[in-house]
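What follows is calculated from the coordinates using simple rules that are stated; it is not laboratory data. No experiment lies behind these values; they were computed from the predicted model shown. Using ideal geometry, Cβ is built from the backbone for each residue, glycine included, and neighbour counts are taken over all protein chains shown.
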Amino acid sequence: MTDSSVWTFGSQPWYRKVALFLLLPFVMPAIPLVFAILALMGVYAVTANYMFERRIRRRMRRSGRYLSLSIARERIASDGGTLIIENPSLGWSFTHAWWTPDDVRSSSPFAVPTNDDYRNAAEQMQCLDWDKWCWDNYTCPDNDGAFLLRVWNGATIERKLKKWFAELDVVHTWTAFVHTPENPDARTA
């Protein structure tokens with residue numbers, strides 16, 4: 001008993017076999033070329049993200065807004081505060097870790113969004129008020145805000161700091177859409 005959904009060369013009409021035979025010399029060299037192009041695009045994307053993250057860290061260090069983990073531990077032990085985990089991109093899973101001595105939840109005029117809020121915002125391609133407020137007040141590199149603790153994988157810092165300081169307040173923000181223009185039609189849809 002054969003499965004009719006399985007494609008076999010022998011079951012194809014003669015004209016498809018001829019077309020496949022004639023196109024084979026053109027398709028075979030293209031396959032490694034496509035893989036090479038995709039590999040180069042991947043290397044470029046990873047390198048560009050890495051360089052961008054290094055620039056942010058260097059910029060924060062120069063402006064006095066970067067803390068090493070040991071200094072951050074001392075400051076959190078004495079001041080408490082809030083750890084902000086920022087996801088600054090749409091599709092990449094890297095995060096930034098920021099710390100501020102402020103109580104972010106109580107000083108924010110907006111409620112912390114739920115996962116459903118983020119899902120709806122992503123579908124409508126819009127920035128939530130909470131994320132815009134966090135960007136404007138804490139995570140924007142151009143403003144005086146929170147201290148940068150880690151770029152690229154801020155979630156690892158969150159796990160470490162929660163081990164040391166169980167009472168540390170942690171908030172998450174997704175600032176990928178902060179720079180997109182407001183779409184008034186998206187809110188009414």
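Can you tell me the length gained on complete extension of the stretch M28 to S93, counting 0.36 nm per residue apart and subtracting the Cα distance? Display every interim value, and only then the final one.
Details: separation 65, 0.36 × 65 = 23.40 nm, distance 3.44 nm.
Length gained between M28 and S93: 20.0 nm.
For the chain, what is the mean residue ellipticity at 222 nm derived from helices alone (per DSSP H run of n ≥ 4: -39500 (n - 2.57); sum divided by total residues; nearest 500 deg cm²/dmol)?
On the way: 7 runs with 96 residues, N = 189.
The helix contribution divided over the chain gives -16500 deg cm²/dmol.
For the chain, evaluate the Debye formula with one uniform point scatterer on each Cα (no solvent term) and list log10 I(q)/I(0) at q = 0.09, 0.15, 0.20 Å⁻¹, rounded to two decimals.
Debye output, listed in q order: -0.51, -0.92, -1.41.
If we count every other residue with Cβ under 11 angstrom of T100's Cβ, Lys/Arg +1 and Asp/Glu -1, where does the sum land? It would help to have the intermediate numbers written out before the result.
Details: positive: R65, R75; negative: D79, D102, D103, D144, D169.
Spelling it out: positives minus negatives among the neighbours equals -3.
Using the crude model of +1 on Lys and Arg Cβ and -1 on Asp and Glu Cβ, and no other charge, please compute the dipole size for the chain relative to its Cα centre, in debye to 20. Working shown, then result.
Numbers: 21 positive and 20 negative charges, 214 e Å.
About 1020 debye.
For the stretch 66-188, what does the relative contact order come out to in percent, with C-alpha contacts under 8 Å and a separation of six or more? Each step should come with its number before you reach the end.
On the way: 186 pairs, mean separation 47.8, N = 123.
Computed over the stretch 66-188, the figure is 39 percent.
Name the most mobile residue of A39, A30, A155, meaning the one with the largest mean-square fluctuation, in a Gaussian network model of the chain with Cα contacts below 10 Å.
A30
With unit charges on the beta carbon (Lys/Arg positive, Asp/Glu negative), name the residue among L38, H179, N153 whose Cα is farthest towards the positive pole of the charge dipole of the chain.
L38
Which of A122, A19, A146 moves most in a GNM of the chain, Cα contacts under 10 Å?
A19
Have a look at L83, Y138, Q126 and report the one farthest towards the positive end of the charge dipole of the stretch 66-188, computed about the Cα centre with Cβ charges (Lys/Arg +1, Asp/Glu -1).
Projecting each Cα onto the dipole axis, the largest value belongs to L83.
Per the Cauchy relation, a quarter of the hull surface: what is the mean projected area of the convex hull of the alpha carbons in the stretch 11-52, in nm²? Spell out each step's value before the answer.
Numbers: hull surface 15.8 nm².
With every direction weighted equally, the projected area is 4.0 nm².
Among E53, E158, which comes first, then next, by fewest other beta-carbon atoms within 10 Å? The partial results should precede the final answer.
Working: E53 17, E158 20.
Fewest-to-most Cβ neighbours within 10 Å comes out as E53, E158.
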